[in-house]
Every structure is written in structure tokens, then in C-alpha cells.
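Trainee: Would you mind keeping the following structure in view while I ask a few things?
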Amino acid sequence: MNATVPTADALRGALAGLLDGLPPKQATAAVDRLIANYRGRTPTDAPVLRDRSDVVAYAAYRMPATFEAVRAALDALADAAPDFTPASHVDVGGGTGAATWAVDATWEGPRETTVLDWADPALALGRELAQASGSPVLKAAAWRKAVIGGGLALPTADLATVSYVLGELTGEARRAVVAEAARTAQTVVVVEPGTPEGYLRIREARDQLLAAGLHVAAPCPHDGTCPITVGEDWCHFSARVSRSSLHRKVKGGSLAYEDEKFSYVAATRFAPEPAANRVTRRPQIRKGLVLLDLCTRDEGLRRDTVTKRHGPLYKAARDADWGDAWPPADAG
């Protein structure tokens with residue numbers, strides 16, 4: 001993983017620098033409207049981010065959470081594909097570039113990066129943030145206007161990210177975007193809100209990617225049918241997001257952090273090394289034991305009970321987190 005730049009702190013610093021003086025009332029009004037859109041209940045054929053005030057509000061309200069969610073998905077991909085380092089990346093519906101920041105935080109080295117979005121104000125602010133990042137890759141990124149939907153033509157790339165955009169689209173446009181990403185990219189990562197609706201969009205995208213010949217790298221341990229019964233549960237994970245003072249002001253909250261729930265799929269054209277099992281809920285730590293809910297490679301959904309008798313595995317279970325591979329490689 002790239003431990004230099006950009007980091008979550010660098011992103012917050014860039015946001016604070018560019019958004020200093022943002023009128024809170026104006027931002028809060030825009031945030032209220034954006035919340036409904038980003039919960040995936042208003043599919044449309046027009047951009048959700050309409051003007052500068054929308055984009056400023058979105059960046060303060062959503063960009064840190066999107067960054068952390070996408071970075072968590074990319075970390076899981078990197079674990080399943082340790083030899084993969086993308087030399088080219090296209091960010092589909094990238095808006096202000098949160099996924100592009102996450103890619104740069106995950107892999108080192110030069111990279112050709114293209115951010116596509118249909119909202120000029122989002123691209124403009126994304127470019128400003130990139131210039132303030134300190135990252136040569138982000139500074140050199142191309143920011144291009146494109147209609148995200150049917151007829152979209154993507155450049156060939158090692159990696160395509162499609163994050164928090166499918167919920168804005170009609171069903172037909174959604175399927176067209178995923179199909180084009182699968183056609184042009186060696187590896188595709190799709191991230192959506194961790195809601196039942198977001199999970200269904202990820203499940204549909206997963207089916208499309210498999211049908212196009214890709215293999216699931218994460219979070220699933222297999223390429224088979226998702227074992228979750230629709231309507232009874234949904235697959236999602238959580239990423240911890242630190243809030244800046246500006247973030248707290250725009251969101252009207254007081255806590256120094258929040259947990260971003262997200263669903264995702266990462267798929268590749270080469271054979272990945274997926275986790276043997278994936279922790280699908282927050283582990284339940286009780287006296288002398290840990291309960292782990294798992295999605296497994298061969299047995300579908302399973303609950304494991306790990307006790308002190310399991311030795312090093314018990315300590316690993318106490319340290320395990322929602323979304324982790326299980327067992328960890330260093331569990332002994």
C-alpha cells in the first residue's frame with residue numbers, strides 16, 4: 001500500500017483549504033437534497049451535482065466517506081491480487097475524484113488516470129483538489145466530461161472504478177455502464193451505499209462481471225451464486241471515517257468520526273487469490289469466545305465459534321474486524 005500520499009489527512013486538508021468560507025446554511029440545504037439522491041432512490045438521466053454549491057456541499061459531506069469506502073474495497077482487492085499494480089485507471093462517474101484519491105493511496109508508482117463525470121462543476125473542483133494534493137499522479141490526472149449511461153465509451157485501462165454512481169442511473173443505463181467497464185478494463189471495482197438497494201445493484205453488477213468472463217477477487221470467496229436470500233439480508237461492510245470540523249459543521253454532527261456502510265465487488269480478468277472466508281458481520285466478542293459470521297468458499301454462509309482452545313486463532317478472532325479475510329495469513 002502507498003503509505004506516503006495521498007492520505008485521509010491530506011484529503012481533509014485539501015478540502016479545508018478549498019472550502020474555507022463555505023456558507024453553512026447554503027451547504028446544509030444542498031446536503032439535505034443530496035442525501036436522498038445518494039441513498040439510491042432517485043434514478044435519473046441527469047447529473048445529481050448541478051452547480052458549484054452542490055459540488056462544494058458534496059465534497060464536504062461525502063468525499064471523505066467515499067474515499068474510505070473505496071479504499072477499503074481496494075485494500076481487499078490488493079490482498080487478493082498482490083502482484084497487481086494498475087498503470088492506468090479510469091474513474092467512471094468520479095465526480096470530485098474520491099475514488100481516484102483512494103487508488104493513489106493504495107498503489108505506488110506512476111499511473112495514467114482519467115476521471116469521467118457529466119457535471120462540469122464536479123470536475124472543476126476535483127481538479128482543484130488534485131492540484132492541492134501533493135501527489136504527482138493526481139496532479140497529472142485528466143478530468144473529462146462524459147455522459148454516464150448508455151453510449152458511454154471508456155478508454156482501455158488496468159483498473160476501472162465505478163463508485164456511488166449506479167444509484168443515480170436508470171436500470172438500462174446502469175447495466176450499460178457496468179458492461180462497458182467490463183469490456184475495457186482488466187479489473188473493475190464497483191462500490192455502492194451499504195443499503196439493501198445498494199447491495200442489489202452490486203449483486204446485479206457482480207452477475208454482469210462474471211458473465212463477461214471476470215473473476216471475483218473480493219469480497220466474495222468464490223464466483224458462485226451469492227448465498228444471501230434477497231429480502232432477508234444484504235451484504236455490506238463498514239469503514240471508519242474521521243470528521244474534520246468542516247465536515248461536522250456541514251453534517252450537523254458532533255462526533256469526531258462516523259461509520260460509512262458500503263457494498264462492493266472487485267473482479268479481475270486474471271485469476272485472483274480471494275479470501276478463503278470473509279467476515280460478513282461485526283464479530284461478537286464474548287467471555288472466552290468469539291462468534292464469526294462468514295461467507296465461505298464452499299459452504300455458503302456459516303457461523304464459527306472460536307474459543308481459547310484454538311490458541312493463536314482465538315487472539316486473531318478477537319482482533320478480527322467486519323470485512324476481514326478469515327483466517328488471517330499470520331494466524332499461525
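Trainee: How would you rank 162-169, 266-273, highest first, on the average number of other Cβ atoms within 10 Å across their residues?
Mentor: Going from most to least packed, we get 162-169, 266-273.
Trainee: Continuing with this model, one more query. Could you calculate the FRET efficiency of Ala271 with Asp120 from 1/(1 + (r/R0)^6), where r is the beta carbon distance between them and R0 is 35 Å, rounded to 0.05?
Mentor: The formula returns an efficiency of 0.30 here.
Trainee: Related question: Starting at the first residue of segment 179-190, write each ³J(HN,Hα) from the Karplus equation 6.51 cos²θ - 1.76 cosθ + 1.60 with θ = phi - 60°, in whole Hz, x for Gly and Pro.
Mentor: Rounded to whole hertz, the list is 4, 5, 4, 5, 6, 9, 10, 6, 9, 10, 10, 10.
Trainee: Something else: Cβ neighbours within 10 Å, averaged per peptide: list 203-212, 70-79, 221-230 in order, most packed at the top.
Mentor: Order by mean packing, descending: 70-79, 203-212, 221-230.
Trainee: Quick one: which residues, 5+ away or cross-chain, put their amide H under 5 Å from the amide H of Glu108? H built at 1.01 Å from N.
Mentor: When sequence neighbours closer than 5 places are left aside, the close amide H contacts are Asn2.
Trainee: Counting only other residues whose beta carbon sits under 12 Å from that of Ala80, what net charge do I get with K and R as +1, D and E as -1?
Mentor: Cβ neighbours under 12 Å give a net charge of -3.
Trainee: Just the number, please: carbon plus sulfur as a percent of the accessible area of segment 63-202, 1.4 Å probe, no ligands or DNA/RNA counted.
Mentor: 50
Trainee: Would you please state which residues of segment 200-217 a label at Leu301 would reach in this model, taking the label point 7 Å out along Cα→Cβ and a backbone N cut-off of under 20 Å?
Mentor: So the set is 200-207.
Trainee: Sequence-distant or interchain residues sharing an amide H contact under 5 Å with Thr170, placed H: which?
Mentor: Placed amide hydrogens put Thr44 under 5 Å from Thr170.
Trainee: Using each residue's phi in segment 272-287, evaluate 6.51 cos²θ - 1.76 cosθ + 1.60 at θ = phi - 60° and report the 3J(HN,Hα) Karplus result to the nearest Hz, with x for Gly and Pro.
Mentor: Once θ is set to phi - 60°, the couplings for segment 272-287 become x, 10, x, 4, 5, 8, 10, 6, 9, 9, 4, x, 9, 9, 10, 4 Hz.
Trainee: For Tyr164, list long-range residues whose amide hydrogen, built 1.01 Å from N in the peptide plane, is under 5 Å from its own amide hydrogen.
Mentor: Those lying under 5 Å, H to H, from Tyr164 are Val191, Glu192.
Trainee: Give me the base-10 log of I(q)/I(0) for segment 251-332 at each q in 0.17, 0.25 Å⁻¹, Debye formula, one uniform scatterer per Cα, rounded to two decimals.
Mentor: Reported log10 I(q)/I(0), two decimals: -0.77, -1.24.
Trainee: Out of the total accessible area of segment 252-330 (probe 1.4 Å, heavy atoms of protein only), what percent is carbon and sulfur?
Mentor: Within segment 252-330, the accessible surface is 49 percent carbon and sulfur.
Trainee: Further question: Give me the distance between the Cα centres of segment 254-332 and segment 115-130, rounded to whole Å.
Mentor: The distance from the Cα centre of segment 254-332 to that of segment 115-130 comes to 36 Å.
Trainee: Also: Using only the alpha carbons of segment 50-160, what is the convex hull's orientation-averaged projected area in square nanometres?
Mentor: Dividing the Cα hull surface by four gives the mean projection, 6.8 nm².
Trainee: Residue by residue through segment 154-160, what is 3J(HN,Hα) from phi via Karplus (6.51 cos²θ - 1.76 cosθ + 1.60, θ = phi - 60°)? Round to whole Hz and write x for glycine and proline.
Mentor: With coefficients 6.51, -1.76 and 1.60, one gets 9, x, 5, 8, 5, 9, 10 Hz.
Trainee: Something else about it: Give me the one-decimal Kirkwood hydrodynamic radius in Å for segment 66-130, with the sum taken over alpha-carbon pairs.
Mentor: About 12.2 Å for segment 66-130.
The values are calculated or read from the model by the stated rules, or taken from the named source; none is laboratory data. Quick caveat: nothing in here was measured; it's all calculated off a predicted structure. No Cβ is skipped: glycine too gets one built from the backbone with ideal geometry, and neighbour counts run over all protein chains shown. Just so you know, the surface numbers come from the protein's heavy atoms only, side chains and all, with ligands and any DNA or RNA stripped out. Shrake-Rupley method; radii C 1.70, N 1.55, O 1.52, S 1.80 Å.
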